Amino acid sequence: MNESRVSFLRQLVASPAPSGFEQPVQQVIREEITHYSDEIRTDVHGNVIAALHSSGQPRVMLTAHCDEIGFLIRYIDDQGFLYFAPVGGFDRATLAADRVLIQTPSGPVPGVIGRKPVHTLQGEERNKLPELSEMWIDVGVANKEEAQKLVPLGSPVTRATQLAPFRGDLVVSRALDDRAGIFTIIEAMRRIYAQRESLQAAVFCVSAVQEEVGSRGAMTSAYSVAPLIAIAVDVTFTSDHPGTSKQEIGDVKLNGGPVITLGGNINPRIYQLLVNAATEAGIAYQIDPQAASTYTDTDMVQIARGGIATGLVSIPCRYLHTGAEIASLKDMDEAANVLARFVLALNTNTNVIP
């Protein structure tokens with residue numbers, strides 16, 4: 001992948017965006033998507049919506065969520081240690097000793113998540129994960145007054161890890177859930193824009209907020225955009241490492257290509273059109289059969305207004321909701337190709353009725 005595109009992904013990751021505090025990353029997204037769209041707006045919820053050929057038919061929405069899991073500072077004790085609440089879902093086992101960045105009006109403040117040292121744990125304590133209330137953030141101050149000057153209550157917090165090359169096409173970072181998805185839909189828009197003379201559909205690229213706390217942005221943006229068709233792009237679990245079960249989550253691997261979901265939340269005609277786009281491009285894809293909810297924005301988008309013909313394309317990702325998520329640039333690139341081909345093939349004769 002072109003280094004300038006990797007640099008943009010790095011910029012996306014570097015922009016903090018816990019759910020409800022997405023403004024920094026949305027500014028980066030607005031500045032980039034303006035090159036591949038005719039008009040951009042930000043709604044009252046904070047969703048960024050970019051339109052290309054808005055008078056076309058059918059109306060199609062490409063959406064991914066820009067928010068990430070994080071923390072919110074709730075209390076500062078007399079010694080200047082900060083106590084926090086989670087924003088989104090965390091595995092407590094991955095938190096102790098994590099480096100974090102607290103986002104304040106004066107700029108980011110570095111900190112470390114602390115817990116009781118292992119040497120002082122007694123008996124059953126050694127086999128028990130600490131509760132979130134038993135962990136804190138250490139910012140290296142001497143007292144409450146000093147901490148309060150640095151960090152206002154209510155400050156959002158993210159892990160400090162940034163995008164780094166791993167091996168081959170792989171990258172590692174926090175927040176690839178779902179910066180990988182945002183990157184993919186913007187890459188798709190870039191390719192669609194380059195072939196806009198062939199575009200018949202109206203395309204709306206939506207960077208949605210607050211997925212990690214209830215898919216709120218996808219719900220509101222789908223209502224206002226009112227598309228006939230919507231494709232959500234998110235990350236998904238892989239079963240290519242120890243401790244996973246292919247019998248439970250399917251056969252999904254890094255560098256295996258984009259993952260295309262089918263099931264009750266997916267319009268069967270949209271699924272087939274996505275498969276056709278991948279096949280015609282010679283792109284290997286993986287199948288994700290979902291018997292119930294997908295636990296992505298797809299579930300909320302599908303039932304907006306009178307119903308939307310939905311699809312879900314996912315980027316394989318290891319170690320979700322940790323500070324070291326691993327994904328493949330190749331999978332992102334191929335997913336963007338599939339999405340662009342899918343959109344460019346749509347016309348007024350496209351049938352989405354099951």
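Under a 10 Å cutoff between Cα atoms, tell me which one of SER224, SER155, SER106 has the largest fluctuation in the Gaussian network model of the chain. Highest fluctuation among the options: SER106. Ranking GLN247, GLY70, GLY323 by Cα position along the charge dipole of the chain, where only Lys, Arg, Asp and Glu carry charges on their C-beta atoms, puts GLN247 farthest toward the positive end.
Heavy-atom accessible surface of TYR75, to the nearest 10 Å², is about 120 Å², with a 1.4 Å probe and all protein chains retained. Helical runs (DSSP H, four residues minimum) scored at -39500 (n - 2.57) apiece and divided by the length of the chain put the mean residue ellipticity at 222 nm at -8500 deg cm²/dmol. Calculated on the alpha-carbon coordinates, the convex hull of the chain measures out at 145 cubic angstrom per residue.
Normalising by residue count, the stretch 287-354 has a Cα convex hull of 133 Å³ per residue. Which whole-number percentage describes the relative contact order of the chain, with Cα contacts under 8 Å and a sequence gap of 6 or more? In percent, rounded to a whole number, it is 23. Farthest towards the positive end of the charge dipole of the stretch 1-124, among the residues PRO58, TYR36, GLY80, is the Cα of GLY80, using unit charges on the Cβ of Lys, Arg, Asp and Glu.
Protein-only accessible surface at a 1.4 angstrom probe places the residues PHE8, PHE90, PHE166 in the order PHE166, PHE90, PHE8, largest first.
Counting only Cβ charges, +1 for Lys and Arg and -1 for Asp and Glu, the dipole size of the chain around its Cα centre is about 300 debye. Taking a Cβ cut-off of under 12 Å around THR63, the surrounding Lys, Arg, Asp and Glu residues balance to a net charge of -4, with basic ones at +1 and acidic ones at -1. In terms of the Cα gyration tensor, with a ≥ b ≥ c the square roots of its eigenvalues, is the stretch 117-260 rounded because a/c is under 1.5, prolate because a/b exceeds b/c, or oblate? In terms of gyration-tensor shape, prolate.
Couplings 3J(HN,Hα) for the stretch 153-163, derived from phi with the Karplus relation 6.51 cos²θ - 1.76 cosθ + 1.60 (θ = phi - 60°), are 4, x, 5, x, 9, 10, 4, 8, 5, 10, 5 Hz, where x marks Gly and Pro. Mind checking which lysines have their C-alpha under 22 Å from LYS253, skipping anything on the same chain fewer than 8 residues away? Partners within reach: LYS330. The fraction of Cα-Cα pairs per 10 angstrom bin, counted from 0 for the stretch 219-354, comes to 12, 42, 35, 10, 1 percent, rounded to whole percents. Considering only SER239, SER314, SER198, the Gaussian network model of the chain with Cα springs below 10 Å gives its largest mean-square fluctuation to SER198.
Net charge of the neighbourhood of ALA291, taken over other residues with C-beta under 15 Å away and scored Lys/Arg +1, Asp/Glu -1, is -3. Shown for the stretch 237-284 is the translational diffusion coefficient from the Stokes-Einstein equation, using the Kirkwood radius over Cα pairs, a temperature of 4 °C and a viscosity of 1.567 mPa s: 106 µm²/s. Each other residue within a Cβ distance under 10 Å of ASP98 adds +1 if Lys or Arg and -1 if Asp or Glu, for a net charge of +3.
The values are calculated or read from the model by the stated rules, or taken from the named source; none is laboratory data. All values derive from a computational prediction rather than experimental measurement. Methodologically, a virtual Cβ is constructed for each residue, glycine included, from the backbone with ideal geometry; neighbour enumeration extends over all protein chains shown. SASA here: full protein model, heavy atoms, side chains in, ligands and nucleic acids out. Shrake-Rupley method; radii C 1.70, N 1.55, O 1.52, S 1.80 Å.
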